[in-house]
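For reference, the structure is listed below as structure tokens.
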Amino acid sequence: MIPILRVKSPGLHTTVQDLGRDGFADVGVPPSGAVDAVALRLANALVGNAPNAAALEILVSGPALEAIAESVHVAFVGGTAGVSVQDAHQRSVAPGRSVHLKQGDVLKAGMIAGSSCGYIAVAGGLSVPRLLGSASTYTRGTLGGFEGRPLRAGDILYGEVGDSAQGELELAAPLDSEFDAPIRVVLGPQEDHFTAAAIEAFLAATYTVSAQADRMGFRLEGPVLAHTRGYNIVSDGIVSGSIQVPGSGQPIVLMRDYQTIGGYPKIATVISPDISRLGRRSPGAKVHFVRVSRDEAEAIYRDEEAAIAARIADLREPRERASINLDALYDENLIGGIINARE
Amino acid sequence: MTGVRFLPAGDKALLVEFGETIERALSERVLRLAERIKELRLNGVIETLPTFRSLLVRYDPLQTSGATLENEISAHLEDAGSAHDEVRLWHIPACYDRRCAPDLDEVAERTGLTSDEVVVRHSGTRFLVYVVGFAAGYPYMGDLPSELVLPRRADPRVRVPAGSIAMATTLTGIYPLESPGGWHLIGAAPIRLFDPNWERPALLRPGDFAKFEPVDFAEYERIRAAVERNDYDVPFTMVAA
């Protein structure tokens, strides 16, 4: 375990996440984990990690991180804006590729564009205590990740290893946020608490992601959904994707840091692959729900898992240098030795 | 078995629903099925979450399917519990001193009892832990004696201190951490309810029993200091489930 990165500025809400913790719902601990689990897995793959390695999740705007180890292999996935590396060249690094940082280089992830979340993975994974089987941060419970909280300026991040010898990689095709894709749901478990008209409206409507959208849940705005037997039920279990409808009639999609039980009827459940798709959307974005059967949902999940595995198998050496800046490219030729010091 | 419904909860979970109310008999069936599923080690089951009236079963669709699991679980709905003939009965130190019990007088007034009578009834009841949720380690316990049943507070508090013993409707609970809360605060327990470093991170688990043992304020402070030093274990006895 060695110190690898110093947080110069933390970004809006930057936390350590992996794929989440299972097995503690019965004592009130939700899974947490990456909102966009696909982006996390791809970022990890780009630096040679297992899918579940601990990485940084960035919401809306990202941190500036200074490499304090001799060299650090990092990758960023999420949206369409890349990150910059402040070294002699001010390199721009496209999303979906990895880059080796040298000691003193600053990786800067500004505003994320084309998604509301992004992931910075480091080779070997971030080293934080694994609490209840996971490195994920559950901020409401002050549990896991980096001291149970978002990063602050001055924090020192440790890695499991120093740099890896692995070369830089990129995705063969960018990760599309799919803002227009319908969000697929399985009706239930309490669709019988809603009128037929409410279910029809729920599936016909275009909802808008409200300003109240965070790791706990996304409140949506759209047609008011009428309950048949009131809006209170005896609390029962929640999962990622549960769509609760409280008395306001406005749905709330539970994301990763939800309360494990809830007392509002759940009209439907977002299928797990589409939680990542929804999680990329920011306040103001549109959401249209489409119904699938449970069998279809399970088949979609299996297909999407295969698609992620195929993307990882298709990782390739970058076609371009980690720059879109011709001056920087020119400089690189003159002082290539510094660039190549990573090798 | 009559009345049991399987309800889908997306592509990775299903609910086994035994009813729609809070009743010991339903809870017992939920808890028994949770134990049984653990024993059976059904392929692809990730975890179960018992609540008052239903069991949430999370699964991995790469290893099983909802339809397969429903068939497997259906065959075991009638199984008798075997693993846990005995469960823990926790003896929880409870300070009902007014310094710890901001709502005790109001509860007494609204129930038409004296505050001592509220304490006698609350501490004289053996509660079942139905569910642990809301916050990590928060036990939903019941049932309160009917004289103590009150609706939630009209104005929820923004901050309820950790350790507060609370009651509302037919239930009582203890706040593991400071948090917002809408229940009536009638005492405080100087104990730790949740610690992610424990092998069993929650002190109270669904199916356990709990009884509040009154202590005075000096004893409350003494135990609290001992808890701080990691020098106190909440006593329990084993009792028939």
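May I ask you to say which residue of A:I252, A:I233 is away from chain B (no Cβ under 11 Å), closer than 25 Å to B:S54 by Cα and more than 18 Å from the chain's Cα centre (by Cα)?
It is A:I252.
Please determine, by comparing only the residues of region A:270-293 that are β-branched (V, I, T) and assigned to a loop (DSSP other than H, G, I, E, B), which one is farthest from the other protein chains (Cβ to nearest Cβ).
My answer is A:V292.
Among what's in region A:192-217 and is under 18 Å from A:S282 (Cα atoms) and among the charged types (D, E, K, R), pick the residue that is farthest from the chain's Cα centre (by Cα).
Per the stated criteria, the residue is A:D214.
Can you list the strands (runs of 3 or more DSSP E) found entirely within region A:161-227 that contain at least 2 residues being within 16 Å of A:Y264 (Cα to Cα) and without any contact (Cβ under 8 Å) to a residue 60 or more places away in the chain?
Answer list for region A:161-227: A:217-221.
Taking the condition in contact with a Gly (Cβ under 7 Å, 6 or more places away or on another chain), within 9 Å of chain A (Cβ to nearest Cβ) and under 25 Å from A:E191 (Cβ atoms), does B:R53 pass?
yes
Residues A:L175, A:L220, A:L151: which one is farther than 24 Å from A:A285 by Cβ and either among the hydrophobic types (A, V, I, L, M, F, W, C) or in contact with a Cys (Cβ under 6 Å, 6 or more places away or on another chain) (or both)?
A:L151
Could you grab the pairs with beta carbons closer than 7 Å, sequence gap of 6+ or different chains, first residue in region A:9-22 and within 14 Å of chain B (Cβ to nearest Cβ) and more than 13 Å from A:V35 (Cβ to Cβ), second one polar (S, T, N, Q) and assigned to a loop (DSSP other than H, G, I, E, B)?
Pairs found: A:R21/A:S32; A:R21/A:S136.
Take A:E147 and tell me if it is within 14 Å of chain B (Cβ to nearest Cβ), over 18 Å from the mean Cα position of the chain (by Cα) and not polar (S, T, N, Q).
yes
Counting just the residues of region B:120-178 that are polar (S, T, N, Q) and more than 12 Å from the chain's Cα centre (by Cα), which one comes out farthest from the other protein chains (Cβ to nearest Cβ)?
Ranking the candidates gives B:S123 first.
In region B:182-212, what residues are of a type outside the set (A, V, I, L, M, F, W, C), under 23 Å from B:E106 (Cα atoms) and under 16 Å from the mean Cα position of the chain (by Cα)? Don't jump to the end; show me each part of the working.
Here is the first cut: in region B:182-212, the ones of a type outside the set (A, V, I, L, M, F, W, C) are B:182, B:184, B:187, B:190, B:192, B:195-197, B:199-201, B:205-208, B:211.
With under 23 Å from B:E106 (Cα atoms) added as a condition, the list becomes B:182, B:184, B:187, B:190, B:211.
Across region B:182-212, the qualifying residue is only B:K211.
With the requirement that a residue be free of Cβ contacts under 8 Å to residues at least 24 places away in the same chain, more than 8 Å from chain A (Cβ to nearest Cβ) and either under 16 Å from B:V227 (Cβ atoms) or of a type in the set (V, I, T) (or both), what does region B:183-205 give you?
Scanning region B:183-205 gives B:D195, B:W198.
Got a sec? Which of A:G279, A:G230 is small (G, A, S) and in contact with a strand residue (DSSP E or B) (Cβ under 9 Å, 6 or more places away or on another chain)?
Details: A:G230 fails: in contact with a strand residue (DSSP E or B) (Cβ under 9 Å, 6 or more places away or on another chain).
Matching residue, one of A:G279, A:G230: A:G279.
Residues checked against (1) more than 18 Å from the chain's Cα centre (by Cα); (2) surrounded by 24 or more Cβ atoms within 10 Å (Cβ to Cβ); (3) part of a strand (DSSP E or B):
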{"position": "A:A45", "(1), (2), (3)": "no, yes, no"}
{"position": "A:L56", "(1), (2), (3)": "no, yes, yes"}
{"position": "A:S84", "(1), (2), (3)": "yes, no, yes"}
{"position": "A:A88", "(1), (2), (3)": "yes, no, no"}
{"position": "A:S115", "(1), (2), (3)": "no, yes, no"}
{"position": "A:G118", "(1), (2), (3)": "no, yes, yes"}
{"position": "A:A121", "(1), (2), (3)": "no, yes, yes"}
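What number of residues within region B:211-237 satisfy the criterion of being polar (S, T, N, Q) and without any contact (Cβ under 8 Å) to a residue 24 or more places away in the chain? Let's see the steps before the verdict.
First, the residues of region B:211-237 that are polar (S, T, N, Q): B:230, B:237.
Still in the running and without any contact (Cβ under 8 Å) to a residue 24 or more places away in the chain: B:230.
Number satisfying all stated conditions: 1.
In contact with a Gly (Cβ under 9 Å, 6 or more places away or on another chain) and surrounded by fewer than 23 Cβ atoms within 10 Å (Cβ to Cβ), is that true of B:D97?
So B:D97 passes the test.
Select, from B:V227, B:V234, the only residue that is surrounded by 14 or more Cβ atoms within 10 Å (Cβ to Cβ), out of contact with any helix residue (DSSP H, G or I) (no Cβ under 8 Å at 6 or more places or on another chain), away from chain A (no Cβ under 14 Å) and part of a loop (DSSP other than H, G, I, E, B).
Selected residue: B:V234, the only one of B:V227, B:V234 that is surrounded by 14 or more Cβ atoms within 10 Å (Cβ to Cβ), out of contact with any helix residue (DSSP H, G or I) (no Cβ under 8 Å at 6 or more places or on another chain), away from chain A (no Cβ under 14 Å) and part of a loop (DSSP other than H, G, I, E, B).
Going by the structure shown, is A:A322 buried (at least 17 other Cβ atoms within 10 Å of the Cβ), more than 11 Å from chain B (Cβ to nearest Cβ), at pLDDT below 95 and not in a helix (DSSP H, G or I)?
Details: buried (at least 17 other Cβ atoms within 10 Å of the Cβ): yes; more than 11 Å from chain B (Cβ to nearest Cβ): yes; at pLDDT below 95: yes; not in a helix (DSSP H, G or I): yes.
Answer is yes for this residue.
Return a yes/no flag: does region A:94-107 have any residue that is among the polar types (S, T, N, Q), touching a helix residue (DSSP H, G or I) at 6+ places or on another chain (Cβ under 8 Å), buried (at least 24 other Cβ atoms within 10 Å of the Cβ) and outside any loop (DSSP other than H, G, I, E, B).
Yes.
Can you tell me which of (1) closer than 30 Å to B:A188 by Cβ; (2) away from chain A (no Cβ under 14 Å); (3) touching a residue at least 40 places away in the same chain (Cβ under 8 Å) is the one B:L77 doesn't meet?
Against the list (1) closer than 30 Å to B:A188 by Cβ; (2) away from chain A (no Cβ under 14 Å); (3) touching a residue at least 40 places away in the same chain (Cβ under 8 Å), B:L77 comes up short only on (1).
Only one of these is farther than 25 Å from B:A101 by Cβ, hydrophobic (A, V, I, L, M, F, W, C) and out of contact with any Pro (no Cβ under 7 Å at 6 or more places or on another chain): B:A226, B:A241, B:A202. Name it.
B:A241
Those residues that are within 7 Å of chain A (Cβ to nearest Cβ) and either free of Cβ contacts under 8 Å to residues at least 12 places away in the same chain or crowded, with 21+ Cβ neighbours inside 10 Å (or both), I need them from region B:33-47; list them, please.
Residue satisfying the conditions is B:E47 alone.
Quick one: in region B:1-32, of everything that is of a type in the set (S, T, Y) and more than 7 Å from every other protein chain (Cβ to nearest Cβ), which residue is farthest from the chain's Cα centre (by Cα)?
Step by step, filter region B:1-32, then rank; the result is B:T2.
I'm checking my understanding of the structure. Among residues of region A:262-287 that are among the basic types (K, R) and within 29 Å of A:T228 (Cα to Cα), which one is surrounded by the most Cβ atoms within 10 Å (Cβ to Cβ)?
A:K266
The values are calculated or read from the model by the stated rules, or taken from the named source; none is laboratory data. From a predicted model like this one, the values you see are computed outputs, not experimental measurements. Quick reminder, even Gly has a Cβ in these numbers, built from the backbone with ideal geometry, and neighbours come from all protein chains shown.
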